[in-house]
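Read through the structure below, which is laid out as structure tokens, and then see the notes.
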Amino acid sequence: MARRRFATLRRIPRPIWILGFVSMLMDISSEIVHSLLPMFLVAGLGASVTTIGLIEGIAEATALIVKVFSGSLSDYLGNRKWLAVAGYALGAASKPFFAIAGSAQVVLAARFADRIGKGLRGAPRDALVADIAPPHDRGAAFGLRQALDTIGAFTGPLLAAALMFLWANDYRRIFWIALVPGVLAVLLLALGVREPRRAAASKGINPISRASLARLSGAYWWVVAIGAVFTLARFSEAFLVLRAMQGGMKPALVPLVMVAMNAVYMLSAYPFGKLADSMSHMRLLVIGLGFLVLADLVLAHGNQWPAVLLGVGLWGLHMGMTQGLLAVMVAQSAPASLKGTAFGLFNLVAGVAMLAASVVAGVLWERVGAAATFHAGAAFSVLAAVLIAGRMRRSRDER
């Protein structure tokens with residue numbers, strides 16, 4: 001019984017495990033900074049919530065938009081690994097600038113560089129996973145990489161909280177520590193992964209020409225549209241940290257909110273990724289949106305720390321159910337020679353949506369209140385669920 005349970009994990013190729021550990025190390029690095037940054041901006045630099053929303057919107061949108069160029073470039077060059085290495089290296093190199101920042105403008109510049117690095121590595125890495133993974137285990141492969149990534153996403157805030165206690169809220173000293181796992185991630189990818197040989201015919205062809213883009217199907221563009229609405233419904237996680245601050249938590253404990261979210265995310269990513277190989281993707285997306293609606297409503301109506309922890313736990317469950325699934329849907333709907341471009345275009349549209357969502361969330365928070373921010377997220381979640389349900393109904397009618 002146990003052997004059968006772990007058979008899928010044993011089938012996943014070694015390079016995908018390594019890519020997962022690379023993601024884990026870089027997420028530890030990034031989340032040490034990210035879990036403390038909203039507090040650092042407010043308490044240390046005197047920034048407003050609108051400013052935080054703008055910084056986070058620009059930063060996350062940059063990462064998603066850059067992916068379109070890195071993905072297309074990886075298709076054109078026929079090489080994904082070294083673009084990913086360059087992206088991880090830029091992310092690691094940005095970390096010291098958070099430690100020396102004297103203004104919100106410097107933080108914005110550092111976040112901008114960090115997210116360019118994320119964008120540069122994201123689409124090539126996802127396309128590399130799709131190239132390596134056996135088609136019948138692709139959901140499990142993406143789920144595993146996401147689960148390992150998310151171990152880093154909750155380990156980073158956990159380390160940040162411990163160091164806040166140890167070093168008496170010395171943000172800058174903690175930001176320096178974030179450099180170490182970032183450097184280790186770069187070295188592990190550079191030395192531990194060999195890129196599989198791909199068809200030479202896919203190299204040197206412009207992947208964003210009209211002829212190439214015409215090969216992307218209507219099913220692919222439907223996934224892009226769903227991804228955009230998903231992103232509008234799920235603004236930057238910095239607002240979860242700000243909600244925890246409103247609940248009166250001690251600064252050193254606030255990063256534990258991100259630990260809780262990412263722990264649930266990590267525990268659910270692989271099981272739901274595996275489930276996606278045998279269950280309707282559309283149905284799973286709708287269930288995931290239902291959990292996001294619940295998370296938004298809990299966070300809108302309760303700002304004490306027990307309610308915040310419940311809300312971020314539901315948020316993490318939604319992430320575990322949907323993030324790897326959307327990547328699988330992109331991989332399955334795109335031609336093999338255009339997978340990098342497909343991931344890049346998907347993230348370009350999501351990036352524009354992320355910028356809009358985070359800016360609107362910041363403005364609503366300051367002008368109307370925190371509850372309005374989460375109510376807006378719930379409304380977009382319901383809209384996405386209605387669109388998906390309509391698509392499922394049309395698909396059944398066509399059959």
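The values are calculated or read from the model by the stated rules, or taken from the named source; none is laboratory data. Worth saying up front: this structure is predicted, and the values here are computed from it rather than measured. Neighbour counts run over all protein chains shown; Cβ positions are idealised from the backbone, glycine included. For accessibility, only protein heavy atoms count, side chains too; no ligands or nucleic acids. Shrake-Rupley method; radii C 1.70, N 1.55, O 1.52, S 1.80 Å.
Remarks
- Residue within the stretch 37-47 that is at positive phi, over 15 Å from the mean Cα position of the chain (by Cα) and free of Cβ contacts under 8 Å to residues at least 60 places away in the same chain present: yes
- Only residues that are part of a helix (DSSP H, G or I), over 20 Å from residue 365 (Cβ atoms) and of a type in the set (Gly, Ala, Ser) were counted in the stretch 266-322, giving 9.
- Residues of the stretch 360-378 classified as under 21 Å from the mean Cα position of the chain (by Cα) and either more than 12 Å from residue 54 (Cα to Cα) or of a type outside the set (Gly, Ala, Ser) (or both), total: 6
- Test result for residue 355, open to solvent by 50 Å² or more (accessible area, probe 1.4 Å), part of a helix (DSSP H, G or I) and either farther than 21 Å from residue 315 by Cβ or out of contact with any Asp or Glu (no Cβ under 7 Å at 6 or more places or on another chain) (or both): yes
- Residues of the stretch 284-322 that turn out to be buried (at least 22 other Cβ atoms within 10 Å of the Cβ) and of a type outside the set (A, V, I, L, M, F, W, C), as a count: 7
- Residue 138 meets all of the listed conditions (1) buried (at least 23 other Cβ atoms within 10 Å of the Cβ); (2) under 24 Å from residue 316 (Cβ atoms) but one, namely (1).
- Taken over the stretch 264-297, the criterion of being modelled with pLDDT of 85 or more and among the small types (Gly, Ala, Ser) is satisfied by 288, 290, 295.
- All positions within the stretch 100-127 that are of a type in the set (D, E, K, R) and modelled with pLDDT of 85 or more: 111, 114, 115, 118, 121, 125
- For the stretch 336-351, filtering for residues that are at pLDDT 80 or above and surrounded by fewer than 24 Cβ atoms within 10 Å (Cβ to Cβ) leaves 1.
- For beta carbons closer than 9 Å, sequence separation of 6+ or different chains, a first residue in the stretch 290-309 that is free of Cβ contacts under 8 Å to residues at least 12 places away in the same chain and a second that is of a type outside the set (Phe, Trp, Tyr) and surrounded by 19 or more Cβ atoms within 10 Å (Cβ to Cβ), the qualifying pairs are 302/308; 302/311.
- Of all positions in the stretch 299-306, none carries a residue that is farther than 27 Å from residue 371 by Cα, touching a Gly at 6+ places or on another chain (Cβ under 7 Å) and at pLDDT below 85.
- Test: residue in the stretch 48-60 that is open to solvent by 20 Å² or more (accessible area, probe 1.4 Å), within 30 Å of residue 334 (Cα to Cα) and without any contact (Cβ under 8 Å) to a residue 40 or more places away in the chain: no
- Unmet criterion (only one of (1) β-branched (Val, Ile, Thr); (2) open to solvent by 10 Å² or more (accessible area, probe 1.4 Å); (3) within 18 Å of the chain's Cα centre (by Cα)) for residue 33: (2)
- Of the helices (runs of 4 or more DSSP H) that lie entirely inside the stretch 88-200, those containing 1 or more residues that are within 19 Å of the chain's Cα centre (by Cα) and in contact (Cβ under 8 Å) with a residue 12 or more places away in the chain span 104-132, 138-166, 179-192.
- In the condition set (1) at pLDDT below 85; (2) open to solvent by 70 Å² or more (accessible area, probe 1.4 Å), residue 213 is compliant with all but (2).
- Subset of the stretch 11-48 [in a helix (DSSP H, G or I), β-branched (Val, Ile, Thr) and more than 20 Å from residue 157 (Cβ to Cβ)]: 16, 18
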